[in-house]
Every structure is written in structure tokens, then in C-alpha cells.
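Q: Got a structure here, written out as C-alpha cells. Questions coming.
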Amino acid sequence: MLLVENLVKNYGSHEALKGISFHVEEGQIVGLLGQNGAGKSTTMNIITGYLSATSGQVWIHGINSLEKPKEAKRYLGYLPEQPPLYENMTVREYLQFAGELKGLKKREARQEAETVMGQTNLSERENVLIKQLSKGFKQRVGLAQALVGKPPLLILDEPMVGLDPNQIIEMREQIRSLGGTHTVILSSHILSEIESVCDHIIILDDGKVKAEDETKQLSEENSNHKRLRLVVKGDKKEIHKILRETDFIKEFSLIGEVETDVYEFQVISAREEDIRDALFMQFAKRQMIVYSVNVEQLSLEEVFIKLTGKEESK
Amino acid sequence: MIAIYKRELKAYFTSMQAYVFLALFVCITGIFFSITNILYGYSDFAGYVLSNSFYMLFLYGIVIPILTMRLFAEEKKHKTDQLLLTAPVSVWEIVLGKYLACLTVFMAGLAVITVFPVVIACNGTLPIANTVSGYVGMFLYSACMMAIGTMISSLTEEPVVAGIISAVTGILVLFFSSLVSLLPDGTVPTFIFFGIIIIGIALLFYFDTRKLWISAVTLLVGAAITVGCYFWKTDWFAYGLTTCLNWISIEKRYEEFLNGMLNLSSIVYLLTVAGLCLFLATQAVERRRWR
């Protein structure tokens, strides 16, 4: 659906994008993650044709958007960070205009406005002037505008920024419901939002793609086998003794007693390879029951910090 | 383009803009009509109202900038240009749609002030040919000024700034011939004039491309053409400066229409200037994508 090849964007002497490449499959919901200035909005603006690239190619639905921008734009809907709303228009008028702008005939645009208002729960406010709407509703109108004409590719730049918790939940639900029928690329600062909505993540840092994978895979790949969580049943002193005597354990600490005589430990391995089997056997030899021994999974936030060396807002 | 045209036209009438424009246009025309045609009894509407310097000063220094000031500046300010520039329409269609809407509102005003010559025709003898050519001239001259206003609006983010620059430009264009008459004539001033133009173009290329060699080549080619022209048409250089400036003056062309002359070259010239300004507006919008 979307192929971005070696995208470079210079603002004067500043290199905003340093050769970004990625591709997005049909029906995926992809999250673009990165700090301010990482290049998320610039990437989105280039894909949508709002900005030009210094070099590189963008293919939308097999069409080179730099060579045939008008054709390529037919396949995308865009919700910028600040929704582009004409505040003196009513919701219906605005959506009809967006439809006609996308090449729909007057009647089709009217029907399409009707459909997207239903999709985004705006029907009750169809005749309200946009300037009289709340931030959440304005964001919905922006999303509805992007949906007009049923574009297969939706680009949403920070769609949840500035919304209250309830509105965030609504917006999240709406975006999730779009997956399957649309390919969605969204950027966000809120890592938990990306984690809950997207099935694929691209991490940008300093104008480069730092990592790209499925959300779950990204956490697994970036977790190391050195940090383990061990839950074992038995005498606390005996468990401490076994852990101390085991040569492949570098250090350990008690997290707490999870049940009567069942203790949870954090264990740090001295070896690079997976020690879960060996650790299990250490306790099995002494006929102690190991309830679980797991590699500690990194959260998306931890993955982000690990990859970029910076902390992003939660 | 039609969608943009319709939205823009509606925006004029859902805001105060079109009403303020129409009220001022009709009111100012009415005042000058009352003074010259009714009070003094002159029957030539084009010759005494449309060509009146104060009338033109009001019209092109205040009224026309009101129409063009927000065309692009406001879109940029409210970031609604993102909707237009990411839609499957070309920048040229966007510029043309907006410009035509602006022109339509002006034509509405022009249609309303037709009532004044009709009043004269009903109560006296109206020089019809003069009036018709005056109206054609006013339409073309205003179309030119609106294209200039559209271009200025595409260069800034502040509608008020666009309005002020358009007003100043309107006044300068209006008094262009008078300003030209103040300039000294002769070979040296002509050389200096062309020199300034060539250096200006070279600097523009430098700031646009940041490539010194392009500016150097422009300077050399410009200098070569100027010197070549000097040897080829030495006589022309004696009056080259004023001849050249008077030729490009759009206000001089307008005068021809007010004097009852429907000159084809002037029609073509005014349309070309309008087209060029719209082209530059397109380039200014396009250029922002490359910033």
C-alpha cells in the first residue's frame, strides 16, 4: 500500500530526514513513534504531498507520488496535527466541500458526508458551525474529513493530542475500527496509545528509522535474556542458598512473597545464553517447585528508551 | 477547482468581507457620481468618475485589498492550506479557484454601479462608447490589481500585512507614471536602471538557490545583453528608462480605455500581467513545499 524509499529532507543546512525507508502493508495500523523533531510530521507531510522531499521516493498504491501527485493523493486521507477546519462552515458543509475537493460529484459528496458523519458520530451536530464545537468534536470532524471518499490509506498525525481521557478512548476505538478496511499510519507521543492501537511500529530517531516491527515482536526482540523473573515455592533461606551457589547467576533480589512460601525473585544471569532450563534444574534437583521462570519483557517505553537513549512522555 | 471557487465565494458572503467591499465600492462610486455627474452635470461617467484619481485611490488603495488580503494568508495562518494542498487538485487550480471567486465578487460590485450610467442615460446623453470601454478597462485593471493582491497574499501569513502591502502596491501602481516622470532620462540613468534590475535578479537567484555561479552567470549574461543593446540601438538608450517604464505601466493602459480606446495590445498586456501574477502566486505556494 505504501512504500517509502530513502527519503531525505533538508531544511536549509538541517537534515530533518536522513534516508528513511519503510513499507506498509494493506490493512495494517502502523504507529510512527519518535520524539519531537524525530521526523514524524515531516515524513507524513511528504507522504501526503504537503511537503516535497529533497530526495527519495514515495509510492502510494503503486503510484509514484512525486511524479503523479494528483493521482496518488486520491488514495489518501490526511488528518494533520491541527485539523484543517474552516470554522465558519457547518460540519455538513465542510465535509461536503472535502468530498467535492476530492473529486466527488455534488450528490456523491452529500451522501459521503452523511456516511462519515455516521461513522464518526457527528450526525447530531451536522448543522453546527465548526467554531462552536469542542476540541474533541473538531478532532472528529478532522477525522471525518480524512475518511471522506473512502481513501484506502489514512495518515493521522497525533490524532489524540489535546483530547481528554474519554475522548482519547473514543478516538482510539474509532481508529481501531478503521483497521482492516483502511491502512492507517498514525503518529503519537503517547506510547501506551500506540501500543494499544497499532499492530506495527516504526521508531524514528533523529531523522532515521531506528526500529521497525510488530508491536509485540519489538518488545520481545529488544528484551534480553539476562533479566529473569523467578517464582519458586520453598524455604526462603534455602532458595537464597541455591541462588547464591549457582555459578551462572550474577545477582538476584527478592521482590516479595506472592503467596505463603511462594517467593518472586529478579535474577540477573552471568551468561549471554538463555539460562531458564538450567535454573529450573537447579531447583528440581532439590525437589523444589518452580512456579514460573520468565524473561523480563520490556515495555514499549523501555524499548523506546533503549533504542533512542531518550525518554518519551508516557 | 469548482469546489474551491464555490467555497471561496460562499466564504466572502458568510463573512463581512463581501458586504464591506460592496458597501464601500457602491458608496464611494455614488459619492463621486453625485458630485461630478449630478452636482456639476457632467454626462461622461467613465471620464469623470472612473478616471478620478481620488476615486481610484480609494478603490485600489482600500477597497480591492479588502478582497484579496485573506485569500492565501488566512489559509496559511489557520493551516487550512493543508487540506487544499493534500487534496487531489493542482496548486494552479487552487489559485485560479480563489482568484475567480474574488473576481466574481468584484463583478457583482461592478454590476451594481452600472446603475449610475443608467441613471445618466435615462436623464441625459451618455457617451456609451466611452462608458463601455471605461468599464472594460476598469474590469481589466482591477483584474490585474486583484492578481497582484492574490500574489501578495500568497507570500505572507498575515492577512493584515497582505492588505497593507497590496494597498501600498495599488497606490504605487496608480502613480507609477507620475513617479516615472520624476526620473532623469539619458544613457547613464538607463544603464543604472538596467544594472539595478540585473543585480536584483542575480541576488534573487542567489537567495533562492544559494549557488553563486548561477548569480554570476545571470550578471554576466545581463551585462552582455545590456551592452549589446547599447551598441545595437544607441539612440534608444537616451530615452530608454522612461520609455521602458511607461510601457510597463498598467495605469497608462487603463487611461486608454477611459479615453474610449479599446486597444487589443492593452487588453492582451493587462491579461498577461494578471496571468503572470497568478503564475507567481502558484510558484509562491509551490515554493513553500520546498522550504
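Here, each number is a calculation from the coordinates, and none is a lab measurement. Note that the coordinates shown come from a computational prediction; the quantities given were computed from them, not determined experimentally. No Cβ is skipped: glycine too gets one built from the backbone with ideal geometry, and neighbour counts run over all protein chains shown.
Q: Could you line up B:S249, A:S123, B:S53 from fewest to most neighbouring Cβ atoms inside 10 Å?
A: Exposure proxy ranking, most exposed first: B:S53, A:S123, B:S249.
Q: Another question, if that's okay. Determine the shielding of peptide A:146-152 by partner chains: average, over its residues, the number of Cβ atoms on other chains within 10 angstrom of each Cβ.
A: For peptide A:146-152, the averaged partner shielding equals 1.
Q: So, one more: Modelled label-to-label distance, B:V119 and B:T243, 7 Å Cα→beta-carbon offset: nm?
A: Distance between label points: 4.6 nm.
Q: Report ³J(HN,Hα) in whole Hz for each residue of the range B:37-49, in order, from the Karplus equation J = 6.51 cos²θ - 1.76 cosθ + 1.60 where θ = phi - 60°; Gly and Pro get x.
A: Karplus values, whole Hz, x for Gly and Pro: 7, 8, 5, 8, x, 6, 9, 8, 5, 5, x, 10, 9.
Q: Check which residues have an amide H placed less than 5 Å from A:L204's amide H, if you skip close sequence neighbours.
A: A:L33, A:G34, A:K210
Q: Moving on to the next point. Could you give the nm distance between label points at B:L183 and A:E25, where each point is 7 Å from its Cα heading toward the beta carbon?
A: It works out to 6.8 nm between the two label points.
Q: Taking beta carbons within 10 Å but only from partner chains, what does the mean come to for residues A:81-88?
A: That works out to 5 on average.
Q: Can you work out ³J(HN,Hα) from phi for every residue in the range A:156-168, in order, using Karplus 6.51 cos²θ - 1.76 cosθ + 1.60 and θ = phi - 60°, giving whole Hz and x for Gly and Pro?
A: Residue by residue, the range A:156-168 yields 10, 9, 6, x, 10, 5, x, 8, 7, x, 5, 5, 4 Hz.
Q: For a label point 7 angstrom out from the Cα of B:L24 toward its Cβ, which stretches of the range B:118-144 have the backbone nitrogen within less than 20 Å?
A: Residues B:138-144 qualify, since their backbone N sits under 20 Å from the label point.
Q: Does anything in the range B:1-41 have its amide N under 18 Å from the 7 Å Cα→Cβ label point of B:E286, and if so which residues?
A: B:1
Q: Within the range A:59-79, which residues have the backbone N less than 17 Å from the label spot 7 Å out from B:S90 along Cα→beta-carbon, could you tell me?
A: Counting only backbone N, you get A:65-74.
Q: Something else now. Is the C-alpha gyration tensor of the protein assembly as shown telling us rounded, prolate or oblate? Criteria: a/c under 1.5 is rounded; beyond that, a/b larger than b/c is prolate, otherwise oblate.
A: prolate
Q: When you count, for each residue, the other Cβ atoms within 10 Å and take the mean per peptide, how do A:242-248, B:164-170 rank with the highest first?
A: Answer by packing, highest mean first, reads B:164-170, A:242-248.
Q: If you plug each phi of the range B:106-120 into the Karplus form 6.51 cos²θ - 1.76 cosθ + 1.60 with θ = phi - 60°, what whole-Hz ³J(HN,Hα) values come out, in order, with x for Gly and Pro?
A: These are the phi-based 3J(HN,Hα) values: 4, 5, 4, x, 4, 5, 5, 6, 5, 4, 5, x, 5, 4, 5 Hz.
Q: Could you work out, residue by residue across A:65-71, how many beta carbons of other chains sit within 10 Å of that residue's beta carbon, and then give the average as an integer?
A: 2
Q: Rank A:G31, A:M89, A:I194 by how far each Cα sits towards the positive end of the charge dipole of the range A:2-215 (+1 on Lys, Arg Cβ; -1 on Asp, Glu Cβ) and give me just the farthest.
A: Checked the options; the winner is A:M89.
Q: Rounded, prolate or oblate for chain B? Axes are the square roots of the Cα gyration tensor eigenvalues, ordered a ≥ b ≥ c, and the cut-off for rounded is a/c under 1.5.
A: oblate
Q: A further question follows. Would you mind ranking A:S52, A:S177 so that the residue whose beta carbon has the fewest other beta carbons within 10 Å leads the list?
A: Fewest to most other Cβ atoms nearby, the residues stand as A:S177, A:S52.
Q: Can you tell me the length gained on complete extension of the stretch B:T104 to B:V268, counting 0.36 nm per residue apart and subtracting the Cα distance?
A: Here the segment from B:T104 to B:V268 would lengthen by 57.0 nm.
Q: Which of the peptides B:54-65, B:203-214, A:90-101 is most tightly packed, and how do the rest follow, going by the mean number of other Cβ atoms within 10 Å of each residue?
A: Going by the mean number of other Cβ atoms within 10 Å, highest first, we get A:90-101, B:54-65, B:203-214.
Q: Right, here's the next one. Which far-off residues, 5 or more places away or on another chain, put their amide H under 5 Å from the one on A:Y291, with H placed in the peptide plane?
A: Under 5 Å from the amide H of A:Y291 lie the amide H atoms of A:V231, A:V232, A:K233, each far enough along the sequence or on another chain.
Q: Can you compute the modelled spin-label distance between A:E238 and A:V128, with each label point 7 Å from Cα toward Cβ, in nm?
A: Between A:E238 and A:V128, the simple spin-label model gives 6.7 nm.
Q: B:L204 to A:D274: FRET efficiency via 1/(1 + (r/R0)^6), r the Cβ-Cβ distance, R0 41 Å, to the nearest 0.05?
A: For R0 = 41 Å, the calculated efficiency reads 0.05.
Q: Right, another one. Using the Cα centre of the range A:2-215 as the reference point, and only Cβ charges (+1 on K/R, -1 on D/E), how large is the resulting charge dipole? Debye, rounded to the nearest 20.
A: Using Cβ point charges on Lys, Arg, Asp and Glu, the range A:2-215 gives about 820 debye.
Q: So, one more: Can you put A:E259, A:E81 in order, fewest other beta carbons within 10 Å first?
A: So the ranking, lowest neighbour count to highest, is A:E259, A:E81.
Q: Which of these, A:R286, A:R107, A:R74, has the largest mean-square fluctuation under a Gaussian network model of chain A (Cα springs below 10 Å)?
A: Of A:R286, A:R107, A:R74, the Gaussian network model singles out A:R286 as fluctuating most.
Q: Tell me, what is the percent relative contact order of chain B, built from C-alpha pairs under 8 Å that lie six or more residues apart?
A: 27 percent
Q: Still on this structure, please answer the following. Calculate I(q)/I(0) for the range B:233-276 by the Debye formula, one identical point scatterer on each C-alpha and no solvent, and give its log10 at q = 0.14, 0.16, 0.30, 0.32 Å⁻¹ to two decimals.
A: After summing over all Cα pairs, the log10 values are -0.40, -0.51, -1.00, -1.06.
Q: Order A:60-66, A:165-171 from most to least packed using the mean count of other Cβ atoms within 10 Å.
A: The densest-packed peptide leads the list: A:60-66, A:165-171.
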